[in-house]
Amino acid sequence: MKAQDIMARLQAKYPGEVEYLQAVQEVLESVEETYNQHPEFEKARIVERMVEPDRIFTFRVTWVDDSGEVRTNTGYRVQFNSAIGPYKGGLRFHRAVTPSMLKFLGFEQTFKNALTTLPMGGAKGGSDFDPVGKSNDEIMRFCQAFMYELWQCIGPDQDIPAGDVGVGGREIGYMYGMYKKLAREYNTGVLTGKGSTWGGSILRPEATGFGALYFAQNMLHKIGKDIKGLTLAISGFGNVAWGASKKAVELGAKVVAISGPDGVCAIPDGITPEMIDYMLEMRASNRNRVEDMATKFPGKAIFTPGKKAWSVKCDIALPCAFQNELSEDDAKELKANGCWCCCEVSNMGCQPGAIHFFQNNGVLFAPGKAVNAGGVATSGLEMTQNASHISWSGEEVDQKLHFIMKSIHEQCVKFGTRPDGSVDYVKGANVAGFMKVAQAMLEQGIV
Ligand code: 2IT
């Protein structure tokens, strides 16, 4: 296999699908060498099959807004790969959603899920519906209309969606309510990220952020450091940024920045529990403005419009918002200000130039598919609880999450250790995830 040739073919076939092509390129570059040591993979054309989704559902979603206006959006579900389990992955509601974005996310999800140690295939879905400025009733009507089509594509043993950007517990609740009516199935295991009184894992809302901090701890311990006392710049103020901030403060680190599409809030004395709680209100308001934090906590959170979190001096950068949110220039600014570690929490949060800059300039870097896998892993735990009609305590889930993040870190070290003993976490995560999926595909024949 020549990564370059496969990329040339995909570029010709899917011109303009930039996010998808970017995600495939990163993985193929990482795995090329290992893959070519396995002629049996090449014979079964594993790579050519793995880069294409199994299938994509596309559907129209029509709903009525509060002023009585009829609105139409497009809904999707990309079922990417089922080699190691039923399709699993989140739903993203965002105005910029395209098939390319969901294909990149489904592709990443396949390897991420393989890293979790749990039996889950990869999928992603969503809609170009824009939740910004929508009322609660509009959100409910949209979720119901979306599920009116999606329900036929999913099931507790086929495909299990969850949340992602723009989809949290509230949306999952509205979607499950409609799923029940349509399918006449009362199996809560069809969706994860549910409310804790009706089958949701107690720790699912926190899990992505908590898992990211556990991964960071493992990385730091490997080089003889601890997170206590370090400063963290976090982008976003959504579910992931919230969970990461909560755990960071608990571990004695200082969160000195959060951000939004409107700018950055610098927090020189470190984020407080009250501010972390307020992030939930900011998210629920659907205003999508981080400036609200500065208004609520004057003098403590200092808002600068148009700037990113990466302009604030920190030890560790934690991108927690959106793909490609950290550019090569941002990476240079971070390094110049003394940042020495970047844990990517958002899916493909760093542009390729930023990753290369970090890796070539001594900044410790780990990719999203390893760092953020605690979210989907806890979804997998939620599925287990639902299938066995039991419920675990927060402590039990947290203990399992600790174990899973440690094991993901070990896989990265196993497949990514360089001759000098340092770890290439990008290569480690990609090769570990890839080998597991490739082996499963090989054993299941040409299908
Ligand atoms: O990107 C992700 O891993 C998620 N949005 C969570 C997916 C899940 O099924 O919990």
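Out of everything in the stretch 397-438 that is small (G, A, S) and in contact with a helix residue (DSSP H, G or I) (Cβ under 7 Å, 6 or more places away or on another chain), what residue ends up being surrounded by the fewest Cβ atoms within 10 Å (Cβ to Cβ)? It would help to see each step written out before you state the result.
The initial filter retains those residues of the stretch 397-438 that are small (G, A, S), namely 407, 416, 421-422, 428-429, 432-433, 438.
Next, only the ones that are in contact with a helix residue (DSSP H, G or I) (Cβ under 7 Å, 6 or more places away or on another chain) stay: 416, 428-429, 432-433, 438.
Values: G416: 21, G428: 26, A429: 29, A432: 24, G433: 30, A438: 23.
Here the answer is G416.
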Residues of the stretch 80-105 being out of contact with any Leu (no Cβ under 9 Å at 6 or more places or on another chain) and of a type in the set (S, T, N, Q), in sequence order, are N81, S82, T98
> Based on what the data block shows, is Y148 more than 16 Å from the ligand (Cβ to nearest atom), closer than 28 Å to T384 by Cα, crowded, with 17+ Cβ neighbours inside 10 Å and among the aromatic types (F, W, Y)?
Replying inline: yes
Residue hits (the stretch 340-396; crowded, with 16+ Cβ neighbours inside 10 Å, within 16 Å of the ligand (Cβ to nearest atom) and of a type in the set (A, V, I, L, M)) are V345, M348, A366, A370, V371, A373, V376, A377, L381, M383
Of the listed residues (D164, D137), the one being of a type outside the set (S, T, Y) and more than 30 Å from F403 (Cα to Cα) is D137
Going through the stretch 75-122 in order, the residues found to be within 12 Å of the ligand (Cβ to nearest atom) and of a type in the set (V, I, T) are T110, T116
So, first residue among the charged types (D, E, K, R) in the stretch 113-142, second residue modelled with pLDDT of 95 or more and surrounded by fewer than 24 Cβ atoms within 10 Å (Cβ to Cβ), Cβ within less than 6 Å, six or more apart or across chains; the pairs are D128/N73; D128/T74; D128/R95; D130/R95; E138/D65; E138/D66; R141/W63
| query | Can you find a residue in the stretch 213-229 that is among the polar types (S, T, N, Q) and under 16 Å from the mean Cα position of the chain (by Cα)? | reply | no
Scanning the stretch 269-305 residue by residue, the ones that are in contact (Cβ under 8 Å) with a residue 24 or more places away in the chain and either in a strand (DSSP E or B) or among the charged types (D, E, K, R) (or both) total 10
In the set V190, V167, the lone residue that is modelled with pLDDT of 95 or more, crowded, with 16+ Cβ neighbours inside 10 Å and farther than 30 Å from F303 by Cα is V190
Among residues of the stretch 264-321 being closer than 26 Å to P131 by Cα and of a type in the set (K, R), the residue farthest from the chain's Cα centre (by Cα) is K296
message = I'd like to check something: does the stretch 55-69 contain any residue that is among the hydrophobic types (A, V, I, L, M, F, W, C), within 16 Å of the ligand (Cβ to nearest atom) and closer than 25 Å to Q22 by Cβ?
response = no
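Condition check ((1) buried (at least 21 other Cβ atoms within 10 Å of the Cβ); (2) in contact (Cβ under 8 Å) with a residue 24 or more places away in the chain) across all residues:
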position: G195; (1), (2): no, yes
position: A207; (1), (2): yes, yes
position: L220; (1), (2): no, yes
position: K225; (1), (2): no, no
position: G229; (1), (2): no, yes
Of the residues in the stretch 374-390, those that are in contact (Cβ under 8 Å) with a residue 24 or more places away in the chain and either of a type in the set (G, A, S) or within 25 Å of N218 (Cα to Cα) (or both) number 10
Listed by first then second residue, the pairs whose first member lies in the stretch 25-50 and is farther than 13 Å from V431 by Cα, whose partner is of a type outside the set (A, V, I, L, M), with beta carbons under 6 Å and at least 6 positions apart or on separate chains, are F41/Y35
Selection from the stretch 51-92 of residues in contact (Cβ under 8 Å) with a residue 60 or more places away in the chain, surrounded by fewer than 14 Cβ atoms within 10 Å (Cβ to Cβ) and of a type in the set (S, T, N, Q) yields T62
S135 meets each of (1) away from the ligand (no atom under 16 Å from the Cβ); (2) of a type in the set (S, T, Y); (3) closer than 21 Å to G169 by Cα; (4) in contact with a strand residue (DSSP E or B) (Cβ under 8 Å, 6 or more places away or on another chain) with one exception, condition (4)
Counting only strands (runs of 3 or more DSSP E) wholly inside the stretch 48-93, the ones holding at least 3 residues that are closer than 17 Å to M120 by Cβ and at pLDDT 95 or above are 70-81, 87-93
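So which strands (runs of 3 or more DSSP E) stay within the stretch 146-265 end to end and still have 1 or more residues that are out of contact with any strand residue (DSSP E or B) (no Cβ under 9 Å at 6 or more places or on another chain)? Show your work before the answer.
On the way: elements: 159-162, 231-234, 254-260.
Correct list: 254-260.
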Residue count, the stretch 27-82, condition more than 22 Å from the chain's Cα centre (by Cα) and of a type in the set (G, A, S), comes to 3
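The values are calculated or read from the model by the stated rules, or taken from the named source; none is laboratory data. As the structure is a prediction and not an experimental result, all values here were calculated from the model. Glycine also receives a Cβ, built like all others from the backbone with ideal geometry; neighbour counts cover every protein chain displayed.
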